[in-house]
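Below is one structure, written out as structure tokens; the observations come after it.
The values are calculated or read from the model by the stated rules, or taken from the named source; none is laboratory data. Just so you know, these numbers come straight off a predicted model, no measurement behind them. Cβ sites come from the backbone with ideal geometry, for glycine too, and all protein chains shown count toward neighbours. Ligands, DNA and RNA are excluded from the accessible area calculation, which covers all protein heavy atoms including side chains. Shrake-Rupley method; radii C 1.70, N 1.55, O 1.52, S 1.80 Å.
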Amino acid sequence: MRTGFPDFRLGNVLATSFTGTLSERHGDAVERIPTPHRLVDWLAVNGLAVDSCTTAQLELARELRESIHAAATAAAIQDALPASAVQVINDCSAQGRAAAILTPEGKRRWRLSSASCVEDALSVIAADAISIIAGERDGKLALCASPTCQAAFFDTSQSRTRKWCDMNTCGNRQKKARFIANQRKNPRSAE
């Protein structure tokens, strides 16, 4: 992993983890894939290892990321999906030649057509986005309750009432802010 970059915020759903590579969209935005090499790192961490990435491929990845975010946000608030976002997701899904393979341990892994084919990796991410936005998986799309984040995430909790994209970041930050506000209102409660 390359140093000097913000940590990745990894989740259990590939497509929404990918949209999380740009966080705090409504505050001080944090770009987690600022360079082609950083995209290579993110893909490797998510089982889609490629050897290299060009600037053009990074731009395509960011376009896909923003399209997934726009479509997932629309789906979460039950709004019409943006046609331009749908087009980008569909194009990325169709242009890849990745294949799902079964490992000896009984796990699914992705085989890309070549070690430098970022487009194959992006097609896997786009296909994952399609499956969650189309409602094919058990869970629901929701938006993070943090006013500075509002990331789309896939809620698979039993009650489907999760509020935060990531409890360790957005959730803890909001809990801490509430605690501090309560301490200011009631300074004697800390004694």
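Points to keep in mind about this one:
- Solvent-accessible heavy-atom area per residue, rounded to whole Å², over the chain at 1.4 Å: 56
- Within the listed set GLY139, GLY96, GLY20, the Gaussian network model of the chain (springs between alpha-carbon atoms below 10 Å) gives the highest mean-square fluctuation for GLY139.
- In the chain, the calculated helix contribution to ellipticity at 222 nm averages -13500 deg cm²/dmol per residue, counting -39,500 (n - 2.57) for every DSSP H run with n ≥ 4.
- Note that the chain shows a convex hull volume over its alpha carbon atoms of 165 Å³ per residue.
- In this structure, SER131 and THR103 have a Cβ-Cβ separation that, at R0 = 25 Å, corresponds to a calculated FRET efficiency of about 0.75.
- Sequence-distant residues sharing a close amide H with LEU22 (under 5 Å, placed H): ARG32
- Here the extension length gained between THR156 and ALA29 equals 43.1 nm, from 0.36 nm per residue of separation less the Cα-Cα distance.
- Cβ-Cβ distance of SER52 and ASN186, R₀ of 45 Å, FRET efficiency by 1/(1 + (r/R0)^6): the value works out to about 0.20.
- Choice from ASP120, ASP155, ASP28 showing the highest fluctuation, given a GNM over the chain with Cα pairs closer than 10 Å: ASP28
- Helix axis angle, 83-95 relative to the chain longest principal axis, alpha carbon, degrees: 40
- Within the accessible area of the chain (1.4 Å probe), percent carbon and sulfur: 50
- With both labels modelled 7 Å from their Cα along Cα-to-Cβ, the ALA83 to ARG111 distance reads 4.0 nm.
- Taken about its Cα centre, segment 16-150 carries a charge dipole of roughly 340 debye when the Cβ of each Lys and Arg holds +1 and the Cβ of each Asp and Glu holds -1.
- Under the Karplus curve 6.51 cos²θ - 1.76 cosθ + 1.60, θ = phi - 60°, whole-Hz ³J(HN,Hα) for segment 31-37, x wherever Gly or Pro sits: 8, 9, 10, x, 10, x, 5
- Candidates HIS69, HIS37, HIS26: whichever shows maximal mean-square fluctuation once the chain is modelled as a Gaussian network with Cα springs under 10 Å: HIS26
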